[in-house]
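The values are calculated or read from the model by the stated rules, or taken from the named source; none is laboratory data. Here the structure is a predicted model, which is why all the values come from computation and not from measurement. Reconstructed Cβ throughout: ideal geometry from the backbone, glycine too, with neighbour counts over all protein chains shown. Heads up: the accessible areas ignore ligands, DNA and RNA and are worked out on the full protein's heavy atoms, side chains in. Shrake-Rupley method; radii C 1.70, N 1.55, O 1.52, S 1.80 Å.
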Amino acid sequence: MRKALRWLLALTVFIGTLSTAGAATAAQSEPDIKDRLLAIPGMSLVQEKPYPGYRFFVLNYTQPVDHRHPSKGTFQQRITVLHKDTSRPTVFYTGGYNVSTTPSRREPTQIVDGNQVSLEYRFFTPSRPAPVDWSKLDIWQAASDQHRVYQALKPVYSANWLATGGSKGGMTATYFERFYPRDMDGVVAYVAPNDVVNKEDSAYDRFFAGVGTKECRDRLNAVQREALVRREPLEKRYAQYAADNGYTFDTIGGLDKAYEAVVLDYVWGFWQYSLLKDCDTIPAGAATATDDAIWDSVDSISGFSAYTDQGLETYTPYYYQAGTQLGAPTIHFPYIEKKLIRYGYQPPRNFVPRSIPMRFQPDAMRDVDTWVRQHARHMLFVYGENDPWGSERFRLGAGARDSYVFTAPGMNHGANVAGLVPDQKALATARILEWAGVAPAAVQADPSAARPLARHDAKLDVRDVEREPALRP
């Protein structure tokens, strides 16, 4: 009997040892996430950067220049991956411009406690083919870039995916959903402009007539007007500033055009990036303010380098798209005498080198707008009450399902879910969790219980608007 018990005990220990060893072997044999990413055809590593609790990779992915004709050349598109766990949902972030190579986490990524894939928009350097065929820079080609990246990474990150982006990135996420509606499980688009009819921009004039307070509007308008009244002395200063920094004005067609463009961006730029409380920083009594005070205020908000050749070069792809598909706003200045304004709001054509041909396609935005109204599903649009870009926004029609448009009171171009009124904030958070497939039972029973699943990280969680010169979404 004792021998039998000893034999049974030994057998149990032996089996346990085999089981433990087998588990250890299985764990050891599971490929490292970097190896899995680099096993994807066309994927290459630029660098890996450490961040506590994550793996962060900067990668290049080989993309066709023309997705309709993949054999006609390729380019390397830059991607970053903030890896948490392959079992977690993944947020696909697009900024619409260059991608940052510093680890960061967008709001939906914090809400779902997931992974984040960030994609540089095609033709922003270094994600630009050489030579450049600008005709292949359009919203369908860019959406197809995202589609291929999603297809490549979905076998690695098999849980739910959400698309997100702010401003031009919010537009990009929306276009991706329009052209590839089966890819994502949800879309969170922040402050996404929707210029359906490019020549009809009266919504912007109405916005500027009522935004903030009359006191703040009057103070801003006075500084803007004064900068045009003092055009001659301030342009002399501008010329010296340009000479000191090696700036030129060939693309826009001269320093005078650049100066006026900067000044006319001033009021727009303030409301895009500032809050009502920041009106205290605007010079009072503009007519008696010093030249230095007027210059410094305009420079801090609009940026006198914005319309130099060097300032425009980085954003050539944006201005090209604005002049071919996206549209661009035009506003009027009833508080400024017509004799002070020589050019008005200049078209995107003035900000793109003349060697690049452009032709506007009026149906592109109408198509997207119609699709969103009729087919939006699991889409959330968030706007800021005091953001001029929200004057022309996406709206939902009778065909939309489980989709929402919310406005954050008092917020600017950095509006987010956290800035919504409490009931909308809870609902938006609950829907994001549900779309990502990670809504706790308590949230499913009561959406008001919804909270982000990950704790706030001051370094990782980017809450402020991504600063670009004014008049770029």
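With a Förster radius of 41 Å applied to the C-beta separation of residue 218 and residue 239, the computed FRET efficiency comes to 0.85. Hey, got the dipole for the chain? About the Cα centre, +1 on K and R Cβ, -1 on D and E Cβ, debye to the nearest 20? Computed about the Cα centre, the dipole is about 1560 debye. Projected onto the charge dipole of the chain (+1 at Lys/Arg Cβ, -1 at Asp/Glu Cβ, origin at the Cα centre), which of 448, 169, 123 gives the Cα projection farthest towards the positive end? So the residue furthest toward the plus end is 448. Annotation for residue 356 and residue 401: the two label points, set 7 Å from Cα along the Cα-Cβ direction, are 4.0 nm apart.
In plain terms, the chain from residue 98 to residue 367 could stretch by 94.2 nm, reckoned as 0.36 nm per residue minus the Cα-Cα distance.
Under 5 Å from the amide H of residue 410 lie the amide H atoms of 385, 386, each residue being 5 or more positions distant or on a separate chain, with H modelled from the backbone and absent for Pro and chain starts.
Within the straight-line cut-off of under 21 Å between alpha carbons, the lysines reachable from residue 257 are 236, 338, 339, sequence neighbours fewer than 8 places apart in one chain being disregarded. Ordering 243, 228, 433 by the projection of their Cα atoms onto the charge dipole of the chain, which places +1 on the Cβ of Lys and Arg and -1 on the Cβ of Asp and Glu, puts 433 at the extreme positive end.
About the centre of its Cα atoms, segment 374-420 shows a dipole size close to 220 debye [charges on the beta carbon of Lys, Arg (+1) and Asp, Glu (-1) only; nearest 20 debye].
Solvent-accessible surface of segment 343-424, taken per residue with a 1.4 Å probe and all protein chains present: 44 Å². Candidate cross-link partners of residue 84 among the lysines, defined by an alpha-carbon separation under 28 Å and a same-chain spacing of 8 or more, comprise 34, 49, 154, 168, 425, 459.
May I ask for the net charge around residue 64, where only other residues with Cβ less than 13 Å from the Cβ of residue 64 are counted and Lys, Arg are +1 while Asp, Glu are -1?
On the way: positive: 68, 72, 122, 136, 148; negative: 66, 133, 145.
Result for the neighbourhood of residue 64: +2.
Over segment 125-206, accessible surface divided per residue gives 34 Å², non-protein components excluded, 1.4 Å probe. Only the Cβ atoms of Lys and Arg (+1) and of Asp and Glu (-1) were treated as charged; on that basis the dipole of segment 27-68 about its Cα centre amounts to roughly 120 debye. Note: relative contact order over the chain, using C-alpha pairs below 8 Å and six or more positions apart, is 17 percent.
What FRET efficiency comes out for residue 275 versus residue 125 if R0 is 41 angstrom and r is the Cβ-Cβ distance? Round to the nearest 0.05. The partial results should precede the final answer.
Numbers: r = 33 Å, r/R0 = 0.80.
For R0 = 41 Å, the calculated efficiency reads 0.80.
Available extension along the chain between residue 86 and residue 458 is 131.5 nm, counting 0.36 nm per residue and deducting the alpha carbon span. In this simple spin-label model, placing a label point 7 Å from the Cα along the Cα-to-Cβ direction at both residue 206 and residue 38 gives a separation of 5.6 nm.
Of the solvent-accessible surface of the chain, computed with a 1.4 Å probe over protein heavy atoms with every protein chain present, carbon and sulfur atoms account for 53 percent. Distance between the pseudo-spin-label points of residue 69 and residue 292 (7 Å out from Cα toward the beta carbon): 6.0 nm.
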